[in-house]
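Asker: Sharing a structure with you now.
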Amino acid sequence: QSLLQICAGRATAELERRRIDRTLNEVAQAVSSVTGEEFFKTLVLNAAKALRVEFAFVGELISDKADAVSTVAVSAHGRIVDNFVYELRGTPCRNVVGKVPCQYPSDIQQQFPEDHMLAEMGIESYVGYPLFDSAGRPLGLLVVMDSKPSREPQVIQAILQICASRAAAELERRRTEETMRESEERFRATFSQAAVGIAHVAPDGRWLRVN
């Protein structure tokens, strides 16, 4: 009997590993050719489908409001829905953002009675994974939720860990691009509206730009 149990345990572990590999491959193929907003939409849609959950979303910390998150992409019942902003206080996301992965396989509403969104959506299970930039600063989180108890919590968390890494990298890339664009816009405004003449000249003497 003990030998059968060992064999069964190994077989289960191997099936779980194959399921993780297959799911990661599916998600990786789906997001490999997209960037920006489409990346996040594709990620949440495929993550929800692969993990067989009803809801998935990527949330980004609001820079001037560290206790609130703005969603970047939300998948609900297999389709993309409108983004929203929500306060972290009293929600399971409070325990995730800037901290550690959190998993609630069942009874999530009873554990967070202040989170009215969970009740409105009929959520029973929740898994959240924090997103950090390359310097370790909090960016937001990746979450999957379902109206049923979680059937494969270990599989879900293993897959979310990889998806979270991709989501964090894309969020950081987007923020970097936004910062560069804002800097360029400020420079152009200063350059064009300066009260004195400004010129950019190449090393060989060619005029590059004048205000």
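Asker: For residues that are part of a helix (DSSP H, G or I) and among the aliphatic types (A, V, I, L, M), scanning just the stretch 109-137, find the one that is farthest from the chain's Cα centre (by Cα).
Answerer: A119
Asker: Then there is this: So which of Q110, Q161 is farther than 28 Å from D21 by Cα and out of contact with any Asp or Glu (no Cβ under 9 Å at 6 or more places or on another chain)?
Answerer: Selected residue: Q110, the only one of Q110, Q161 that is farther than 28 Å from D21 by Cα and out of contact with any Asp or Glu (no Cβ under 9 Å at 6 or more places or on another chain).
Asker: Would you check which residues across the stretch 42-66 are in a strand (DSSP E or B) and in contact with a helix residue (DSSP H, G or I) (Cβ under 8 Å, 6 or more places away or on another chain) and list them?
Answerer: Correct list: F55, A56, F57, V58, G59, E60.
Asker: Can you pull out the residues in the stretch 192-206 that are among the hydrophobic types (A, V, I, L, M, F, W, C) and within 43 Å of the chain's Cα centre (by Cα)?
Answerer: The one that is among the hydrophobic types (A, V, I, L, M, F, W, C) and within 43 Å of the chain's Cα centre (by Cα): A194.
Asker: Could you look through the stretch 77-103, keep only residues that are within 17 Å of K41 (Cα to Cα) and of a type in the set (A, V, I, L, M), and pick out the one that is surrounded by the fewest Cβ atoms within 10 Å (Cβ to Cβ)?
Answerer: V85
Asker: If you don't mind, another one. Is there any pair linking a residue in the stretch 86-112 that is of a type in the set (S, T, N, Q) to one that is exposed (fewer than 15 other Cβ atoms within 10 Å of the Cβ), with Cβ under 6 Å and at least six apart or on different chains, and which?
Answerer: Hits for this filter: S106/P149; Q109/A119.
Asker: Among the listed residues A164, A158, identify the single one that is of a type outside the set (K, R), in a helix (DSSP H, G or I) and touching a Phe, Trp or Tyr at 6+ places or on another chain (Cβ under 6 Å).
Answerer: So the residue among A164, A158 that is of a type outside the set (K, R), in a helix (DSSP H, G or I) and touching a Phe, Trp or Tyr at 6+ places or on another chain (Cβ under 6 Å) is A164.
Asker: Exactly one condition in (1) farther than 29 Å from T35 by Cα; (2) in contact (Cβ under 8 Å) with a residue 40 or more places away in the chain is not met by Q161; state its number.
Answerer: So Q161 meets the others, but not (1).
Asker: Kindly check whether there is at least one residue in the stretch 138-148 that is part of a helix (DSSP H, G or I), basic (K, R) and open to solvent by 50 Å² or more (accessible area, probe 1.4 Å).
Answerer: no
Asker: Test of understanding: among R186, R209, R175, which residue is over 25 Å from C102 (Cα atoms), within 14 Å of the chain's Cα centre (by Cα) and loosely packed, with under 15 Cβ neighbours inside 10 Å?
Answerer: Going through R186, R209, R175 in turn, just one is over 25 Å from C102 (Cα atoms), within 14 Å of the chain's Cα centre (by Cα) and loosely packed, with under 15 Cβ neighbours inside 10 Å: R175.
Asker: Would you confirm, using the coordinates I've provided, whether V74 is among the aliphatic types (A, V, I, L, M), touching a Phe, Trp or Tyr at 6+ places or on another chain (Cβ under 7 Å), crowded, with 16+ Cβ neighbours inside 10 Å and in contact (Cβ under 8 Å) with a residue 12 or more places away in the chain?
Answerer: Yes: the conditions hold for V74.
Asker: Inside the stretch 115-137, can you point out the residues that are touching a residue at least 24 places away in the same chain (Cβ under 8 Å) and either on the phi > 0 side of the Ramachandran plot or open to solvent by 50 Å² or more (accessible area, probe 1.4 Å) (or both)?
Answerer: M121, G122, F132, S134
The values are calculated or read from the model by the stated rules, or taken from the named source; none is laboratory data. This structure is a prediction, so every number in the text was calculated from the model and none was measured. Note that each Cβ is placed from the backbone with ideal geometry, even for glycine, and that neighbours are counted across all protein chains shown. Quick note on the areas: whole protein, heavy atoms, side chains included, nothing else; ligands and nucleic acids left out. Shrake-Rupley method; radii C 1.70, N 1.55, O 1.52, S 1.80 Å.
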